[in-house]
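Report on the following structure.
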Amino acid sequence: MRSLMTAFGVFWGIFMLIVMSGAGRALENGVMDGIKAFATNSAFFWTEPTSKPYKGFQRGRRWNYKNDDIQYIRDNVKEVEYLSPKLFGPNANSGDNTIRGKKTGSFNITGDYPDFYKIDPWTPVKGRLINEIDILHKRKVCIIGERVAEVMFEKNENPIGEYLQINGVYFQVVGVVHPETRMNFNGNRKTESIMIPFSTMQQTYNMGDVVHFFAVTSVPGVPVSQLEAKLKDLLKARHKVAPDDVQAVGSFNIEVEWVKYQGLFSGIQILTWIVGIGTLLAGVIGVSNIMLVIIKERTQEIGIQRAIGATPGKVIMHIVAESVFLTVIAGYIGLSLGIGLLELANMALDSGSDEVFFRRPEISFNMAVGAVSVLVVSGIIAGLIPARRAVSIKPIDALRDEGI
Amino acid sequence: MISLSNIHKSYAMGNNSLHVLKGINLQIEQGEFVSIMGSSGSGKSTLLNILGILDNYDEGTYHLNGKLVKNMSEKQAAKLRNELLGFVFQSFNLISFKNAMENVALPLYYQGVSRKKRNKIALEYLDKMGLLQWANHLPNEMSGGQKQRVAIARSMISKPKIIFADEPTGALDSATSFEVMDILREINQDGITLIIVTHEHDIAAMTQKIIRLSDGRISEIIQNGELKNWKSQYRRELEIA
């Protein structure tokens with residue numbers, strides 16, 4: 001009973017280690033699932049009002065990227081793998097912008113290039129994505145997010161081939177699409193997106209040759225941060241923005257975010273191990289302590305055993321075996337219960353929605369093996385200290401010991 | 001068999017050291033039945049412990065079976081004890097959670113004998129002690145005499161050359177004491193050297209040789225033939241006292 005209570009410390013240590021590690025992993029899965037499909041070598045550019053006067057322009061000038069920039073970058077910057085310009089039309093917060101018969105809805109309208117799906121992947125649930133021919137012929141087609149299909153169409157209707165009136169112009173629906181990532185550029189739900197060809201959008205809505213946004217990936221082997229800096233300088237030079245104006249070109253670099261996330265999650269894992277091992281250590285010290293007490297009580301017995309021929313090695317073996325048995329049993333229960341709890345959590349989460357940032361709590365096989373070896377080693381250590389003490393007493397003193 | 005020359009032993013008691021054995025010279029031959037007597041504090045238990053390699057000594061030499069016993073590692077000592085020596089204690093020192101058979105079989109376990117074999121041998125020895133039907137009983141279910149017989153069986157199972165008994169009858173009433181002594185005498189007749197420590201004269205009188213210790217020295221060795229004289233002398237001492 002007393003041993004069991006002590007072994008509870010070990011049980012708790014392992015249990016905590018498993019549960020915390022699983023929870024950490026779940027958080028990681030939750031976040032990483034949202035971004036892992038995203039091209040990690042991508043960077044994004046938009047414009048902000050200038051913050052410095054330059055070449056006759058005042059500060060605070062509003063400016064835009066142009067179609068020329070697209071061609072120029074494609075021709076001159078070899079480090080660029082994919083370049084996808086983007087236009088932002090009316091968004092979901094600007095009131096109803098989409099009409100179909102009696103149904104209306106407000107969605108995020110963007111003009112896109114096919115390359116965009118190589119950076120932020122979407123998969124068509126029905127139909128297809130936007131392609132080069134759409135761009136070339138400035139077709140009035142659109143692909144819609146799942147939520148748009150829900151709002152604008154009946155359940156039994158097939159949206160493909162149907163028409164939506166978007167901001168006063170009719171577009172044919174050619175695809176219903178599902179976002180693979182949770183990375184988002186305008187803060188609204190991605191499933192509420194309507195995407196139309198970039199060139200169609202420029203022309204249909206009289207946007208001239210304005211480009212709102214660039215998404216860029218670097219070729220393999222080139223850090224995207226390097227490309228980001230290069231493109232920024234280039235864009236500033238082409239638009240007469242002061243080279244030392246840090247504000248005018250807004251940019252965002254997934255690589256940096258990715259590294260940040262990974263740092264965060266390895267931090268969480270390290271913390272888990274520190275706390276878990278700490279708790280486990282407390283448990284092991286408890287076991288070691290109780291072994292000391294047990295041995296103290298059994299001093300006489302050990303004395304007898306040695307008088308009739310038990311070698312110190314045998315005595316140590318016995319005690320260590322007992323301690324390892326105690327820790328491993330306790331640890332095993334902790335391990336099983338911990339994994340059981342994670343499985344339960346997993347089942348509960350499975351039925352939850354997509355928006356949860358907590359997915360698939362699990363521990364790796366390596367982690368379990370690591371935990372078990374930590375257990376065995378700590379059991380040995382917990383037994384070894386009292387065992388050495390037990391044999392350091394001369395057999396004759398042990399025999400004389402009257403017990404406690 | 002046993003040869004001691006000029007054995008000294010002292011215990012450190014805080015700052016003082018207590019000189020317990022002050023030069024013991026002793027020869028014990030194979031097959032002897034020896035008792036060591038002496039008042040308490042005379043060093044008889046210490047002597048027995050040294051003989052049994054349970055304790056070490058400071059000075060002198062101790063040859064056991066022709067082999068010098070000095071500064072032995074615990075492992076060597078344990079091996080020697082296991083092969084050559086058997087022990088019987090005043091308080092029986094049986095292991096309380098093991099039954100009689102397992103207690104008897106224990107020394108064989110340390111020799112690496114398989115469980116089946118050692119239990120079979122243990123039953124044979126229990127049978128010799130007349131305890132066969134008690135084989136599956138725990139020590140606390142047995143009387144003192146029975147427990148001591150189990151302990152004797154245990155000391156014999158490894159077929160030792162010498163059995164040491166520290167006050168084997170100390171915790172027993174006189175009738176059982178005589179029973180136990182009879183058993184010990186039988187063992188001795190099989191050729192095993194027996195050395196017992198006792199402070200009871202009538203127990204000592206059953207042995208062939210009495211070594212009297214006083215104040216860390218051997219004061220008297222009484223051989224078998226002189227026992228009768230010694231007995232009467234002892235009676236006179238009692239009357240005076």
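For A:LYS260 and A:HIS137, the difference between the fully extended length at 0.36 nm per residue and the C-alpha to C-alpha distance is 40.1 nm. Per residue, the convex hull around the alpha carbon atoms of region B:1-80 comes to 101 Å³.
Projecting label points 7 angstrom from Cα along Cα→Cβ for A:GLU297 and A:ALA237 puts them 8.4 nm apart.
Net charge in the neighbourhood of A:ASP68 (other residues with Cβ under 14 Å of its Cβ; Lys, Arg +1, Asp, Glu -1) is +1. Each residue of region B:139-150 was assigned a 3J(HN,Hα) from its phi angle through the Karplus expression (A = 6.51, B = -1.76, C = 1.60, θ = phi - 60°), giving x, 6, 9, 10, 7, x, x, 4, 4, 5, 5, 4 Hz with x at Gly and Pro.
Comparing A:LEU335, A:LEU349, A:LEU280 in a Gaussian network model of chain A (Cα springs below 10 Å), the most mobile by mean-square fluctuation is A:LEU349.
Dipole of the protein assembly as shown computed with +1 at Lys/Arg Cβ and -1 at Asp/Glu Cβ about the Cα centre; of A:VAL293, A:ALA92, A:VAL80, farthest Cα towards the positive end is A:VAL80.
Largest mean-square fluctuation among A:GLY383, A:GLY175, A:GLY56, in a Gaussian network model of chain A whose springs join Cα atoms under 10 Å apart, belongs to A:GLY56.
If contacts are Cα pairs under 8 angstrom and at least 6 residues apart, what is the relative contact order of chain A in percent? Display every interim value, and only then the final one.
Details: 746 pairs, mean separation 116.6, N = 404.
Rounded, it is 29 percent for chain A.
Along chain A, the longest continuous region that contains none of the trypsin sites (Lys or Arg not before Pro) in a DSSP loop with at most 10 other C-beta atoms within 10 Å is A:156-404.
Inter-part distance, region B:146-181 to region A:1-45, computed on C-alpha centroids, equals 63 Å.
Rounded to 0.05, the FRET efficiency of the A:MET317 and A:SER364 pair, given R0 = 30 Å and the Cβ-Cβ distance, is 0.35.
Leaving ligands, DNA and RNA out of it, report the carbon-plus-sulfur percent of the accessible area of region A:91-197 at a 1.4 Å probe. Before the final figure, lay out each step's value.
Numbers: 2310 of 4930 Å².
Roughly 47 percent of what the probe reaches on region A:91-197 is carbon or sulfur.
How far is the Cα center of region A:74-120 from the Cα center of region B:8-48, in Å? Taking the Cα centre of region B:8-48 as reference, the centre of region A:74-120 is 102 Å away. Here is the list for region B:1-109: trypsin sites (Lys or Arg not before Pro) lying in DSSP coil, each with at most 12 other C-beta atoms within 10 angstrom of its C-beta, are B:LYS70. Computed over region A:241-295, the quotient of the alpha carbon radius of gyration and 2.2 N^0.38 Å is 2.42. Could you work out which residue, out of A:ILE277, A:ILE393, A:ILE363, moves most in a Gaussian network model of chain A, that is, has the largest mean-square fluctuation with Cα springs under 10 Å? Of A:ILE277, A:ILE393, A:ILE363, the most mobile in the Gaussian network model is A:ILE393.
Across all directions, the shadow cast by the convex hull of region A:91-197 built on its C-alpha atoms averages 6.2 square nanometres. Over every Cα atom in chain B, the radius of gyration and the widest Cα-Cα span, Dmax, amount to 18.2, 58 Å. Most simply put, the protein assembly as shown has about 65% antiparallel DSSP beta bridges, counting only bridges with both residues inside it. For B:ILE196, the amide hydrogen comes within under 5 Å of the amide hydrogens of B:VAL34, B:SER35, B:ILE36, B:ALA165, counting only partners 5 or more places away or on other chains and with H modelled in the peptide plane.
Remark: mean inter-chain Cβ contacts per residue of B:76-89 equal 4, using a 10 Å Cβ-Cβ cutoff to other protein chain atoms. When every alpha-carbon pair in the protein assembly as shown is counted, what percent end up more than 34 Å apart? Percent of Cα pairs beyond 34 Å in the protein assembly as shown: 65. Considering only beta bridges that DSSP places wholly inside region A:91-197, some 60 percent are antiparallel.
Couplings for region A:32-43, taken from phi via the Karplus curve 6.51 cos²θ - 1.76 cosθ + 1.60 with θ = phi - 60°, read 5, 4, x, 10, 5, 6, 6, 5, 7, 9, 10, 9 Hz in order; Gly and Pro are left as x.
Here is how the number arises for chain A: DSSP H runs of 4 or more residues each give -39500 (n - 2.57), the sum is divided by the residue count, and the result at 222 nm is -17500 deg cm²/dmol.
For region B:37-65, the residues whose amide N sits under 18 Å from a probe point set 7 Å from the Cα of B:HIS19 along the beta carbon direction are B:41-44, B:46-47, B:57-61.
The values are calculated or read from the model by the stated rules, or taken from the named source; none is laboratory data. Since the model is a prediction, treat every value here as computed from it, not as a measurement. Glycine gets a Cβ as well: all are built from the backbone with ideal geometry, and neighbour counts include every protein chain shown. All accessible areas refer to the heavy atoms of the entire protein, side chains included, with ligands and DNA or RNA removed. Shrake-Rupley method; radii C 1.70, N 1.55, O 1.52, S 1.80 Å.
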